[in-house]
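Engineer: There's a structure below that I have some questions on.
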Amino acid sequence: MIPDPAGSLTVVGIGPGRSDWCLPDVADRIASATDLVGYTRYLNLVTVETDARRHRFGNRVEADRAALALDLAADGGAVVVVSSGDPGIFAMASAVVEQLDRWPDRWQSVRFEVLPGISAAQALASRVGAPLGHDFCVISLSDVLKPWEIIERRLDAAAGADFVVALYNPASRHRPWQFGRAVERLAAHRLPGTPVVLGRDVGRPDEHVEVLTLDRLADADIDMRTVIVVGSSTTRILVGRPLGARVYTPRWYGDPEDQSPTVPSNHATA
Ligand code: SAH
């Protein structure tokens, strides 16, 4: 028999950083929480007024953080686990479900919910137009939780299939060489002039957004606060529009006048 609910655990995404990019139901849930659990930097971004206790963690103890949050909820708390962006994308929602999967008999009484948020790639895309306007995929370059070989295989497959590719967790002090290798893999499938959009601290006071081409990406200044969108063979930069909408990926593939879509001729094959 499933026991009566004790408390609740909600994993929320607060969006990339601006308070008005945080959905109202997320703000409400934070306002009425008894406990907020999360990475220190993300808890510091929470601007919603709340009396909740804050449980701050470093960014490499997700399993402990998830288990603590579930324990607090089992004790009757209204617990909110805070992620940046969307909580289901390289964030805490999986970390919590992993714990539920690992310990099927624990935390049966806890009501569990995930509330979505705007992810970094979506926020960046909106700043420049519509680079994610056609099929795209999202790849984390962090090899902390998966082997580097898998990352290279996915980069090759995604670029080889002509997806627009959004790169998260591009580099850190502990991962100095991986970004250069990733750019090499993408460049094996794309022409040097392929549009690239780079955003640091999107939606935060120090926001920096840059449009460049793939041949300049290896030298770009990137870090863990940067997200990158590498175009497909059809992604275009509008010349003479320095501000606002200036990069897009068309919804069509091949020649829009032609009835049968074809593979564009500027798709480099590795
Ligand atoms: N759940 C988050 C992603 C967490 S992984 C989301 O959906 O956005 C952390 C990575 O996200 C960072 O290394 C960076 O690549 C990206 N990121 C998150 N917020 C960002 C922001 N405001 N500006 C630029 N990149 C961001």
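Derivation of every value follows stated rules applied to the coordinates shown; laboratory data play no part. What you see is a predicted model; the values in this text were computed from it and never measured. Cβ coordinates were reconstructed from backbone atoms using ideal geometry, including for glycine residues, and neighbour counts include every protein chain displayed.
Engineer: Could you sort 176-183, 119-126, 145-152, 7-14 so that the peptide with the highest average Cβ count within 10 Å comes first and the rest follow in order? Can you show the working numbers first?
Structural biologist: Details: 176-183: 17.0, 119-126: 23.4, 145-152: 12.6, 7-14: 25.1.
Descending packing order for the listed peptides: 7-14, 119-126, 176-183, 145-152.
Engineer: Let me ask something additional. Show me the ranking of peptides 129-138, 106-115 by mean Cβ neighbours inside 10 Å, starting with the highest.
Structural biologist: On the way: 129-138: 18.9, 106-115: 17.0.
Highest-to-lowest ranking by the protection proxy: 129-138, 106-115.
Engineer: Something else now. For segment 111-189, what is the convex hull (Cα atoms) projected area averaged across all directions, in square nanometres?
Structural biologist: Details: hull surface 28.3 nm².
If I average the Cα hull's projected area over directions, I get 7.1 nm².
Engineer: More than 22 angstrom separation, counting every C-alpha pair in segment 1-115; what % is that? Write out the running numbers ahead of the final one.
Structural biologist: On the way: 1554 of 6555 pairs.
That tail contains 24 percent of the Cα-Cα pairs.
Engineer: Remind me, relative contact order of the chain in percent, using alpha carbon pairs under 8 angstrom and six or more residues apart? All intermediate terms of the calculation are to be shown ahead of the outcome.
Structural biologist: Details: 564 pairs, mean separation 50.8, N = 270.
For the chain, the relative contact order is 19 percent.
Engineer: Rg/Rh for segment 104-249: what does it come to with C-alpha atoms and Rh from Kirkwood?
Structural biologist: Working: Rg = 16.5 Å, Rh = 16.1 Å.
Checking Rg against Rh, the ratio lands at 1.03.
Engineer: Next question, about the same structure. How big is D for segment 192-239, in µm² s⁻¹ as a whole number, if Stokes-Einstein is applied with the Kirkwood radius of its Cα pairs at 20 °C and 1.002 mPa s? Walk me through the numbers before you get to the answer.
Structural biologist: On the way: Rh = 11.2 Å.
The diffusion coefficient I find is 191 µm²/s.
Engineer: Roughly how compact is segment 72-162, stated as its Cα Rg over 2.2 N^0.38 Å to two decimals? Provide the component values of the computation, followed by the final result.
Structural biologist: Working: Rg = 17.1 Å, N = 91, 2.2 N^0.38 = 12.2 Å.
For segment 72-162, the normalised Cα radius of gyration comes out at 1.40.
Engineer: Further, regarding this structure: When the helix-only estimate is applied to the chain (DSSP H runs of n ≥ 4, each -39,500 (n - 2.57), divided by the residue count), what is the mean residue ellipticity at 222 nm, nearest 500 deg cm²/dmol? Could the numbers behind the result be given before it?
Structural biologist: Values: 7 runs with 70 residues, N = 270.
So the calculated ellipticity at 222 nm is -7500 deg cm²/dmol.
Engineer: Ignoring solvent entirely, what values of log10 I(q)/I(0) come out of the Debye formula for the chain at 0.13, 0.15, 0.16 Å⁻¹ when each Cα is a single scatterer?
Structural biologist: Ignoring solvent entirely, the Cα scatterers give -0.88, -1.07, -1.16.
Engineer: Oh, and also: Could you grab the relative contact order for segment 109-169? Cα pairs under 8 Å, six or more apart, rounded to a whole percent.
Structural biologist: Values: 43 pairs, mean separation 23.2, N = 61.
Here the relative contact order equals 38 percent.
Engineer: On to the next question. In whole Å, what three semi-axes, largest first, describe the equivalent ellipsoid of segment 49-118 built from its Cα gyration tensor (square root of 5 times each eigenvalue)? List each step's numbers first, then the result.
Structural biologist: Working: eigenvalues 63, 48, 30 Å².
Semi-axes (√(5λ), whole Å): 18, 16, 12.
Engineer: Consider a paramagnetic label point 7 Å from the Cα of ALA63 along Cα→Cβ; state which residues of segment 109-149 have an amide N under 16 Å from it.
Structural biologist: Answer for segment 109-149: 144-147.
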